[in-house]
Amino acid sequence: MAVTFNERTLDNGLTIIGETDPSAHTAAVGFFVKTGARDEESGVMGVSHFLEHMMFKGTDKRSADDVNREFDEIGASYNAYTSSEITCFYASVLPEVLPQATDILADILRPALRQEDFDTEKNVILEEIAMYKDSPFWVLYEKAMEAYYADHPLGYRVLGTDDTVGDLGRDAMQAYFDHRYSADNTVVSLAGNADFDTVCAQVSDLCGGWSRTGAVRDTKRPGAKPNDLVIEDENVARAYLLTVAPAPALGDNERYAAMMLAKVLGDPDNSRLHWALIDTGIAEEAQASYDPRDGCGEYFVYASGEPERADEIQSILEREIDGLVASLTEDDLERLRNKVATGVTIAGERPGGRMQRIGRQWTYLGEHLTLEEELERINAVTLGDLCSLAEAYPFHPRTRARLIPKG
């Protein structure tokens, strides 16, 4: 039987979507909450990520040990993640234990938020922040985003800072949770071997009493200005370079062209940056990516190498960015179509991948595109589309950030 899509919205605003397939060997379910670092006030930066941790610390019905034990007893592959814009809790299981997985997920989405657990987990978060300070790329990325977005919340750190997490109180977390983790700000995504009506009935029983709050997000595109930033750190021995520039939003039709343009510039293999910097031995790493967001997007161009070659690496990065469109050929486009289509198809082959794809899609856009429809849009991109995209988003203005050894 073919994959079937269904959508239903409960009276409280919670939306349930599903791509069901009776022939699948597994089922996957995820709760997507439209909240992240960009929805926080500066004083509680990091609360979304902190809350993700707290969901697994127990509820009024289950202890933290109960949550982990029950997931393990049904053989679930489960996890959660927080980004600047979404927090997601998910599990992939055998079809016969999907009701148990759904029950656990719905329950942890209403955590007890006990003070004792809050105090203990705060130390875990602070340790995680400290760990990321040892990652040169992460240090550079956070500083670059702060410079690029200035005071806009998209420049906030997902983990928060020592100060914001250290000063965060349990009551402030509760207030944030009560507003953002509302029924009308949550999407339940389902994929694989499952009966949609049965899951809807269960979710209605479990979540029908959740409140509607009217939580919203400002999606106006932030302004961007050219910026150059140099960070010196005595703990690094290499030079790390990152360029950030405006790109299409997740809801823009140009997003497929933007994905392809970033790949031809800086895919790990057989890209302009690979041949100009890696194959020549000038840099150790060189890649480009496109990150679409709610209302805006960014291009990232990254490289690392010997500190004494940092200026040379930067110059080549600029040359390849500026000459990209003029160098494009039909062969580039055909290769890109095949590579992107393969990646999208592989990601969507399993129910877990389909659940993630449609869950993010609906949370951001409130719409559903089949895998086949997305492949059609990828294959429809032309050289003219890439040139038009480059005119609209010419990798300007650029924030250029550099992390180098101190002294």
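The values are calculated or read from the model by the stated rules, or taken from the named source; none is laboratory data. Predicted model only: the values in this text are computed from it and were never measured. All Cβ positions, even for glycine, are placed from backbone atoms using ideal geometry, and neighbour counts span all protein chains on display.
In table form, for the structure just shown:
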item	result
Members of segment 161-186 found to be in contact with a Ser or Thr (Cβ under 9 Å, 6 or more places away or on another chain) and in a loop (DSSP other than H, G, I, E, B), listed by number	Tyr181, Ser182
Segment 94-108, subset closer than 18 Å to Thr198 by Cβ and of a type in the set (Val, Ile, Thr), residue surrounded by the fewest Cβ atoms within 10 Å (Cβ to Cβ)	Val97
Helices (runs of 4 or more DSSP H) fully within segment 295-407 counting 2 or more residues that are of a type in the set (D, E, K, R) and in contact with a strand residue (DSSP E or B) (Cβ under 8 Å, 6 or more places away or on another chain)	351-365
Pick from segment 169-183, criterion without any contact (Cβ under 8 Å) to a residue 12 or more places away in the chain and not charged (D, E, K, R), ranking: nearest to Ala37 (Cα to Cα)	Ala175
Members of segment 78-97 that are among the hydrophobic types (A, V, I, L, M, F, W, C) and within 25 Å of the chain's Cα centre (by Cα)	Ala80, Ile86, Cys88, Phe89, Ala91, Val93
Sole residue being touching a Cys at 6+ places or on another chain (Cβ under 8 Å), within 30 Å of Gln115 (Cα to Cα), of a type in the set (Gly, Ala, Ser) and surrounded by 14 or more Cβ atoms within 10 Å (Cβ to Cβ), chosen from Ala249, Ala183	Ala183
Every residue from segment 37-72 that is among the hydrophobic types (A, V, I, L, M, F, W, C) and closer than 17 Å to Ile108 by Cα	Val47, Phe50, Leu51, Met54, Met55, Phe56, Ala64, Val67, Phe71
Residue tally, condition buried (at least 19 other Cβ atoms within 10 Å of the Cβ) and under 19 Å from Val139 (Cα atoms), over segment 299-331	8
Restricting segment 339-348 to residues that are over 18 Å from Tyr290 (Cα atoms) and surrounded by 12 or more Cβ atoms within 10 Å (Cβ to Cβ), the residue that is modelled with the lowest pLDDT	Gly348
Residue in segment 254-293 that is nearest to Gln361 (Cα to Cα), counting only those that are assigned to a loop (DSSP other than H, G, I, E, B) and free of Cβ contacts under 8 Å to residues at least 40 places away in the same chain	Pro268
Among (1) surrounded by fewer than 17 Cβ atoms within 10 Å (Cβ to Cβ); (2) assigned to a strand (DSSP E or B) - the single one Ala91 does not satisfy	(1)
Hits in segment 187-216 (condition: in contact (Cβ under 8 Å) with a residue 24 or more places away in the chain, over 21 Å from Arg350 (Cα atoms), among the aliphatic types (A, V, I, L, M) and in a loop (DSSP other than H, G, I, E, B))	Ala215
Filter result for the condition that a residue is surrounded by fewer than 19 Cβ atoms within 10 Å (Cβ to Cβ) and basic (Lys, Arg), over Arg360, Arg293, Arg272, Arg377	Arg377
